[in-house]
Each structure stands twice: as structure tokens, then as C-alpha cells.
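Participant: Quick one: the structure is below, and I'll ask about it shortly.
The values are calculated or read from the model by the stated rules, or taken from the named source; none is laboratory data. Just so you know, these numbers come straight off a predicted model, no measurement behind them. Cβ coordinates were reconstructed from backbone atoms using ideal geometry, including for glycine residues, and neighbour counts include every protein chain displayed. Accessible surface is based on the protein model in full, side chains and every heavy atom, while ligands, DNA and RNA are left aside. Shrake-Rupley method; radii C 1.70, N 1.55, O 1.52, S 1.80 Å.
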Amino acid sequence: MSEPINDPAGEFRDAVGSCLGMFAGWTEARWRGDGDRVHQLIQHLADLTADATPGPRRRVPRLDNFFALADQFAVIARDLDVTMGDRDDAVAVYVAATAATRQLLPSESGSLRNPVA
């Protein structure tokens, strides 16, 4: 049985920080292998943000520079965080975003999980 999340925004920020720390050590070869999964997560976070606003979902462009994905991830994660603020549905969105972000972190075996099912 999992414990309830007391600070969903903080949990999300921690998961984002863990991913960004992990990305800092990635080589070009690693980005080539896992960049598409990072982009999937970026799109998922962008969709969660769009769903919390009156605007439509928009496709996040896939940048040619692999290393730019970390910056793109940081910006989209920050957009979600700012958008949610004190909204009534913030807890549910943060929980979903945190779960998706944590899926990108390595499992105990060291391999990445699929971020968005």
C-alpha cells in the first residue's frame, strides 16, 4: 500500500530534478537510444498542461539536437508547474505527471522504463 503524497508539486519537482540530473550524464549514444522516450514524456507533460487550460493540445516539435531535449523537458515541466498553481485539479495532474516522469528513471535493473503507456 503506497502512502499518500503530501506535497504533489514537490514530488513532481523532485522527479524532474532526478531526470535532469540523469540527463546531464548522457552521451550522444544514450540520447540516440532513449531520446524518443524522453520526447514522448515531453509530449505527455505538454498534453497534461494543455488539458488544464482552455487551449488545444499542440504537438511538441522533435528537435534535431539530442542534447536540447533536456532543456525542452525542463521548460515543459516548468510550464506544467506554473500552469497548475493552486488549481483544484492540481493534485491529480501532479500525481499523473510525477508517475510518468518517474517511469523514465532507471529501474532497479538499471534499464529505463517506458514513460507513457
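Participant: Specify which residue in the list Gly10, Ala74, Thr98 is farthest towards the positive end of the charge dipole of the chain, using unit charges on the beta carbon of Lys, Arg (+1) and Asp, Glu (-1), about the Cα centre.
Facilitator: Of the options given, the answer is Ala74.
Participant: For Met84, what charge total do you get from the other residues with a beta carbon under 12 Å from its beta carbon, if Lys and Arg give +1 and Asp and Glu give -1?
Facilitator: Here the charged neighbours net out to -3.
Participant: Relative to the longest principal Cα axis of the chain, at what angle does helix 8-24 sit, 0 to 90 degrees, rounded to 10?
Facilitator: Rounded to the nearest ten degrees, it is 10.
Participant: Could you pull the accessible area for Phe23 with a 1.4 Å probe, rounded to 10 Å²?
Facilitator: Roughly 10 Å² of Phe23 is accessible to a 1.4 Å probe.
Participant: Continuing with the same structure: What is the magnitude of the charge dipole of the chain about its Cα centre, with +1 placed on the Cβ of each Lys and Arg, -1 on the Cβ of each Asp and Glu, and no other charges, expressed in debye to the nearest 20?
Facilitator: Dipole about the Cα centre, nearest 20: 460 debye.
Participant: Can you give the translational diffusion coefficient of segment 1-62 in µm²/s, computed by Stokes-Einstein from the Kirkwood radius over Cα pairs at 10 °C and 1.306 mPa s?
Facilitator: The diffusion coefficient I find is 115 µm²/s.
Participant: If you take every residue apart from Ala68 with its C-beta less than 15 Å away from the C-beta of Ala68, what net charge results, scoring Lys and Arg +1 and Asp and Glu -1?
Facilitator: Here the count lands on -2.
Participant: Which longest run of the chain has no exposed loop site in it, a site being trypsin sites (Lys or Arg not before Pro) in a DSSP loop with at most 15 other beta carbons within 10 Å, and the site itself not part of the run?
Facilitator: Here the longest run is 1-56.
Participant: Charges only on Cβ, +1 for Lys and Arg, -1 for Asp and Glu: so what's the dipole of segment 1-70 about the Cα centre, in debye to the nearest 20?
Facilitator: With only Lys, Arg, Asp and Glu charged at Cβ, the dipole is about 360 debye.
Participant: While we're here: For the chain, go through all pairs of different Cα atoms, get the mean of 1/r, take its inverse, and jot down that Kirkwood value in Å.
Facilitator: The Cα-based Kirkwood calculation yields 14.6 Å.
Participant: Charges only on Cβ, +1 for Lys and Arg, -1 for Asp and Glu: so what's the dipole of segment 71-110 about the Cα centre, in debye to the nearest 20?
Facilitator: Here the size comes out at about 100 debye.
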